[in-house]
1. Which pairs have Cβ atoms under 8 Å, sit 6 or more apart or on different chains, and link a residue in the stretch 127-149 that is part of a helix (DSSP H, G or I) to one that is open to solvent by 70 Å² or more (accessible area, probe 1.4 Å)?
2. Condition check: surrounded by 20 or more Cβ atoms within 10 Å (Cβ to Cβ), closer than 14 Å to Tyr199 by Cβ and not charged (D, E, K, R). Does Leu177 satisfy that?
3. Among the residues in the stretch 188-198, are any out of contact with any Leu (no Cβ under 8 Å at 6 or more places or on another chain), open to solvent by 30 Å² or more (accessible area, probe 1.4 Å) and assigned to a helix (DSSP H, G or I)?
4. Answer yes or no: is there a residue in the stretch 60-73 that is in a helix (DSSP H, G or I), of a type in the set (Lys, Arg), touching a residue at least 60 places away in the same chain (Cβ under 8 Å) and more than 18 Å from Met180 (Cβ to Cβ).
5. Taking the stated definitions as given, is Glu31 charged (D, E, K, R) and under 20 Å from the mean Cα position of the chain (by Cα)?
6. Which one of these is surrounded by fewer than 16 Cβ atoms within 10 Å (Cβ to Cβ), in contact with a strand residue (DSSP E or B) (Cβ under 9 Å, 6 or more places away or on another chain) and in contact (Cβ under 8 Å) with a residue 40 or more places away in the chain: Arg341, Arg394?
7. Of all residues in the stretch 131-156 being under 20 Å from Asn116 (Cα atoms) and of a type in the set (S, T, N, Q), which is most open to solvent (accessible area, probe 1.4 Å)?
8. Within the stretch 275-286, does at least one residue satisfy the condition of being surrounded by 14 or more Cβ atoms within 10 Å (Cβ to Cβ), among the basic types (Lys, Arg) and at pLDDT 85 or above?
Amino acid sequence: MLIRFSVENCFSFLERATFSMIPGLGRLKKEHINARKHGVTTLKTAIAFGANASGKSNLVKAIALGKQMVVSGTLTGPKVAYAPYRLSKDAVIRNTRLEYEIQAGRKNYAYGFVFNDERIVEEWLYEITNKEEKMLFERSDTNTFDIAPLLHKNTKAEHKQFLQFVAKATPENQLLLREMIVRRVRENVEDIRDVIAVYNWFEQSLKVLLPNERYKEGISTELVNNEQLHNIFEQLLDYFGTGIDGIELQDVDVKSLNVPQQLLEQIRNDVFAKRNARVILQTSENTFFFSKDKGALQIQKFMTKHKIRGTKDYEFFDTKDESDGTNKIIDFVPVLIDLLRGNNVFVIDEMERSLHPNLIYDIFDIYLRSATDVQSQLIVTTHESSLLTQKLVRKDEVWFITKDENGTQLHSLEEYNVRFDKEIRKDYLLGRYKAIPRLGDRDEALACIKLNTK
C-alpha cells in the first residue's frame, strides 16, 4: 500500500508537496481503512479535485515517473527523465526529489531518490518500524554507496563481493534498486528480500493509468480458463447497463492478423520467454490476447455478444463497435476485480472520461463496500463533483489541488472544520476549498470576441 508520496521540483510542483494515505482523526467509515501493518494504517481510497491546469495530472505523472525509473530505468541514452518546474530560473538547475513510503511484503519502507538530467544524485531505502527507521542502503552525491546493512544480511564472502561489485558498477544515471534486479543479485546472494519486496511493489502492485491508457494487465488475461471471473465480468457489464449480453474470446489465425511482422515477433518472444505468459495487444479497433498453447502461438480476439431480438442467437461486436463509454466500462471491470483481489494500488488520472457520473459513483461504492477485508487502494483525480459527499467518502479521502506562483499545492479536506453531516459539494463549487477555476473578466472576454469576429 502507499503510505505517503512526496514530490519536489517536478512538472508543476516547485516546493515539496506531500500526498498522504494515512487516516485522519475521523471515526466514521472505519471499513475504509486497510489493516494495520507495523503500527501504520492506510486508507483504501483518495479522490483529488482541482481546476484545469492545477496539477492533478502532474501528481499522477510524478508517481508514474518514479515507477518508470525503477522498473524501466533510463532508456534514452545517458539522460535521466528529468522534468523540473520550468517557470523558475532557479528550479531548472535544481534537482528533482521523489519519495515513496510504502507497505510491501510484511514491512513498511521509505524509498526515494534525487536526480537531475545527468545522474542520480542521492538514493535511499529505509525500513520503517514502530520505533525507528533502519537504513538498508544509501547513495551519496559522489555516487558511492553505503550497503553495510545488506552486507550484514549475507554471510558468505562471495555474496558480499557480488553486492559490492553491483553497487560499484551502478551507472550514475541508473537506480541501484533497479540494478540489483537487472544484474540478477537475487540469484547470487542469500538475502536481499527487502530490495525485492520494494521493487516488486513498483513493478506489480503500483498501477498508474493516464487518461488515454487502457488497463492491459490483470484478470482479462485469465478469462479463458477461469469461469468464475468470466461470470463476474459479464455480471458487472450487465449491472452497469452496457447492453452487452456476454463476452467471448474467439480464435484468430495469425495470417489474418494485420500486425507488423516485427511487432508480432516481439510478442511471440515475450510469450515464449516466460512460463504461462500472456500478452495483450490493443489497437484502435480490437483487443487481442496472445498465449502459448501446446508449443504454438495462440491468438484470441476479445468480442462482446448482443442477443438478436426474437431469437436465441447473438451478434458479435469488436471493441470498435462499442461506444466510448462502454469501452471505458470494459476497461474498468478488470480494474475493479483486481482491486478486490487485493495488494494493488491503482492511481488513475481523470477517471470520469466517457463515464456517466452515476457509474463513477457506483464503481467507488461497489469497491468500498466489497473491499472491507481486502488490502487495496484506489486513488483518482477527477472533476466529477458528485463524488464530493460524505455519504460516500471520509474527509481524509478528499484532496484539493491548487496552483499559484509557487507551483502546485496539495491540501486535504481534513484540514477544514467540516461537520460529518455537511454536504461539501456546494461549498466546493462556490470556491471554499480553492480548487476551482479562477475566471477572468467576462465583459472583457466578450468584448474581445465581438471585436475580433466582426
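The values are calculated or read from the model by the stated rules, or taken from the named source; none is laboratory data. Since we're looking at a predicted model, the values are computed, not measured. Quick reminder, even Gly has a Cβ in these numbers, built from the backbone with ideal geometry, and neighbours come from all protein chains shown. The accessibility values were calculated without ligands, DNA or RNA, using every heavy atom of the protein model including side chains. Shrake-Rupley method; radii C 1.70, N 1.55, O 1.52, S 1.80 Å.
1. Pro149/Lys134
2. Details: surrounded by 20 or more Cβ atoms within 10 Å (Cβ to Cβ): yes; closer than 14 Å to Tyr199 by Cβ: yes; not charged (D, E, K, R): yes.
Considered against the rule, which asks whether it is surrounded by 20 or more Cβ atoms within 10 Å (Cβ to Cβ), closer than 14 Å to Tyr199 by Cβ and not charged (D, E, K, R), Leu177 comes out as yes.
3. yes
4. Taking the stretch 60-73 as the starting set, the residues that turn out to be in a helix (DSSP H, G or I) are 60-71.
Still in the running and of a type in the set (Lys, Arg): 61, 67.
When the remaining residues are screened for being touching a residue at least 60 places away in the same chain (Cβ under 8 Å), the result is 61, 67.
If we keep only those that are more than 18 Å from Met180 (Cβ to Cβ) too, we end up with 61.
Yes, that holds for at least one residue.
5. no
6. Arg341 is the lone residue from the list that is surrounded by fewer than 16 Cβ atoms within 10 Å (Cβ to Cβ), in contact with a strand residue (DSSP E or B) (Cβ under 9 Å, 6 or more places away or on another chain) and in contact (Cβ under 8 Å) with a residue 40 or more places away in the chain.
7. Quick first cut of the stretch 131-156, residues under 20 Å from Asn116 (Cα atoms) only: 138-145.
Subsequent filtering for residues that are of a type in the set (S, T, N, Q) retains 140, 142-144.
Numbers: Ser140: 43, Thr142: 104, Asn143: 33, Thr144: 73 Å².
Per the stated criteria, the residue is Thr142.
8. no
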